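To keep things clear, I will list the structure first and then write my remarks on it.
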Amino acid sequence: AQKITQTQPGMFVQEKEAVTLDCTYDTSDQSYGLFWYKQPSSGEMIFLIYQGSYDEQNATEGRYSLNFQKARKSANLVISASQLGDSAMYFCAMTILTGGGNKLTFGTGTQLKVEL
Amino acid sequence: NAGVMQNPRHLVRRRGQEARLRCSPMKGHSHVYWYRQLPEEGLKFMVYLQKENIIDESGMPKERFSAEFPKEGPSILRIQQVVRGDSAAYFCASSVTEGGAYNEQFFGPGTRLTVL
């Protein structure tokens with residue numbers, strides 16, 4: 001079974017600063033994918049970034065980057081130049097890439113608040 | 001190309017009634033996943049379906065919950081004899097193919113079920 005742990009229930013960051021949201025995972029599978037989703041107060045799930053377990057480079061998407069440290073089983077999200085619109089709940093998730101579907105296992109989330 | 005559609009967006013039921021939640025996947029997607037998000041928690045996988053088949057229902061409660069994805073029409077998540085603990089947001093996601101490689105799941109806006 002897979003497990004995702006997000007140890008920061010809430011985080012504050014000042015506008016234009018960078019922030020790191022922590023995520024550690026646990027799995028015995030070798031082939032897996034890691035995701036970050038954003039859930040604003042309106043409730044929808046917005047895909048941000050994906051990292052495959054065999055990808056050698058850390059994933060980046062605009063202001064989002066995923067700091068993937070396989071040996072430590074961590075997949076932290078870094079948001080650079082924070083904006084007020086980044087205030088939301090952020091979920092780390094993973095799936096196993098060995099067939100039989102891609103069901104996602106989610107962490108409990110981190111509530112990020114960006115302040116002026 | 002319309003995204004994943006879910007209806008209704010909000011559903012209120014009294015204890016003991018039935019709730020039917022509908023999910024229309026993106027065009028060309030034949031794989032559907034249902035997730036439940038209890039208040040203040042992350043999303044939890046419930047069931048994975050392909051057209052006319054339930055592939056993985058390991059996250060479904062054993063009683064009162066059922067899901068289907070008929071050859072024609074939307075996927076339906078059905079909750080019989082609802083209880084207050086069923087109050088949650090129910091998300092559906094669709095993808096093009098099954099696992100074995102990264103296949104992005106596109107999430108619908110969710111159905112917020114409130115049981116009075």
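The values are calculated or read from the model by the stated rules, or taken from the named source; none is laboratory data. Source: prediction; values computed, not measured. Counting neighbours? That spans all protein chains shown, and the Cβs are built from the backbone with ideal geometry, glycine included.
Can you tell me which residue in the stretch B:57-66 is nearest to B:Gly28 (Cα to Cα), limited to those that are crowded, with 16+ Cβ neighbours inside 10 Å and within 14 Å of another protein chain (Cβ to nearest Cβ)?
Within the stretch B:57-66, the subset crowded, with 16+ Cβ neighbours inside 10 Å is B:57, B:59-60, B:65.
Filter once more, so that each one left must be within 14 Å of another protein chain (Cβ to nearest Cβ): B:57, B:59-60.
Numbers: B:Glu57: 23, B:Gly59: 25, B:Met60: 26 Å.
Result: B:Glu57.
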Quiz prompt | Options A:Gln39, A:Gln30, A:Gln51, A:Gln83: the member that is more than 22 Å from A:Pro9 (Cβ to Cβ) and over 11 Å from the mean Cα position of the chain (by Cα) | solution = A:Gln30
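Could you check the stretch B:33-66 and list, in sequence order, the residues that are of a type in the set (D, E, K, R) and farther than 19 Å from A:Gln2 by Cα? Break it down into steps so the answer makes sense when it comes.
Initial filter on the stretch B:33-66 (of a type in the set (D, E, K, R)): B:36, B:40-41, B:44, B:51-52, B:56-57, B:62-64.
Within the stretch B:33-66, B:Glu40, B:Lys51, B:Glu52, B:Lys62, B:Glu63, B:Arg64 meet the criteria.
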Quiz prompt | Single condition A:Lys38 does not satisfy, out of (1) closer than 28 Å to B:Gln6 by Cα; (2) without any contact (Cβ under 8 Å) to a residue 24 or more places away in the chain; (3) touching a helix residue (DSSP H, G or I) at 6+ places or on another chain (Cβ under 9 Å) | solution = (2)
Self-check item: Set A:Ser82, A:Ser74: member being touching a Lys or Arg at 6+ places or on another chain (Cβ under 7 Å), modelled with pLDDT of 95 or more and surrounded by 15 or more Cβ atoms within 10 Å (Cβ to Cβ)
Solution: A:Ser82
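Identify the residue in the stretch B:1-45 that is small (Gly, Ala, Ser) and either modelled with pLDDT under 95 or in contact with a helix residue (DSSP H, G or I) (Cβ under 9 Å, 6 or more places away or on another chain) (or both) and, among all such residues, is farthest from A:Ile46 (Cα to Cα). Talk me through it step by step, then tell me what you get.
Within the stretch B:1-45, the first condition is being small (Gly, Ala, Ser), and the residues that meet it are B:2-3, B:16, B:19, B:24, B:28, B:30, B:42.
Now restrict to residues that are either modelled with pLDDT under 95 or in contact with a helix residue (DSSP H, G or I) (Cβ under 9 Å, 6 or more places away or on another chain) (or both): B:2-3, B:19, B:28, B:30, B:42.
Numbers: B:Ala2: 16, B:Gly3: 12, B:Ala19: 26, B:Gly28: 20, B:Ser30: 21, B:Gly42: 14 Å.
In this case the residue turns out to be B:Ala19.
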Quiz item: Looking at the stretch A:86-116, which of its residues are under 12 Å from the mean Cα position of the chain (by Cα), of a type in the set (Ser, Thr, Tyr) and assigned to a loop (DSSP other than H, G, I, E, B)?
Solution: A:Thr108
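Please indicate, with yes or no, whether at least one residue in the stretch B:2-9 is more than 25 Å from B:Asn103 (Cβ to Cβ) and within 13 Å of chain A (Cβ to nearest Cβ).
Keep residues of the stretch B:2-9 that are more than 25 Å from B:Asn103 (Cβ to Cβ), which gives B:8-9.
From what is left, the residues that are within 13 Å of chain A (Cβ to nearest Cβ) are B:9.
Scanning the stretch B:2-9 turns up at least one residue that is more than 25 Å from B:Asn103 (Cβ to Cβ) and within 13 Å of chain A (Cβ to nearest Cβ).
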Self-check item: A:Thr5 touching a residue at least 24 places away in the same chain (Cβ under 8 Å) and away from chain B (no Cβ under 13 Å)
Solution: no
Quiz item: With (1) assigned to a loop (DSSP other than H, G, I, E, B); (2) buried (at least 21 other Cβ atoms within 10 Å of the Cβ) as the list, and B:Leu77 as the residue in question, which single condition is left unmet?
Solution: (1)
Self-check item: Leading residue by the ranking (nearest to A:Met94 (Cα to Cα)) among those in the stretch A:6-29 that are in a loop (DSSP other than H, G, I, E, B) and hydrophobic (A, V, I, L, M, F, W, C)
Solution: A:Cys23
Quiz item: Is it the case that B:Phe69 is under 12 Å from the mean Cα position of the chain (by Cα), within 14 Å of chain A (Cβ to nearest Cβ), farther than 23 Å from A:Met94 by Cβ and not hydroxyl-bearing (Ser, Thr, Tyr)?
Solution: yes
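Results for (1) touching a Ser or Thr at 6+ places or on another chain (Cβ under 9 Å); (2) within 10 Å of chain B (Cβ to nearest Cβ); (3) in contact (Cβ under 8 Å) with a residue 40 or more places away in the chain, shown as yes or no for each residue.
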{"position": "A:Ser53", "(1), (2), (3)": "yes, no, yes"}
{"position": "A:Glu56", "(1), (2), (3)": "no, no, no"}
{"position": "A:Cys92", "(1), (2), (3)": "yes, yes, yes"}
{"position": "A:Gly100", "(1), (2), (3)": "no, yes, no"}
{"position": "A:Leu104", "(1), (2), (3)": "yes, yes, yes"}
{"position": "A:Thr108", "(1), (2), (3)": "yes, yes, yes"}
{"position": "A:Leu112", "(1), (2), (3)": "yes, no, yes"}
Exercise. Would you point out which residue out of B:Gly42, B:Gly110, B:Gly16 is touching a residue at least 40 places away in the same chain (Cβ under 8 Å), touching a Gly at 6+ places or on another chain (Cβ under 6 Å) and more than 20 Å from A:Leu97 (Cα to Cα)?
Key: B:Gly110
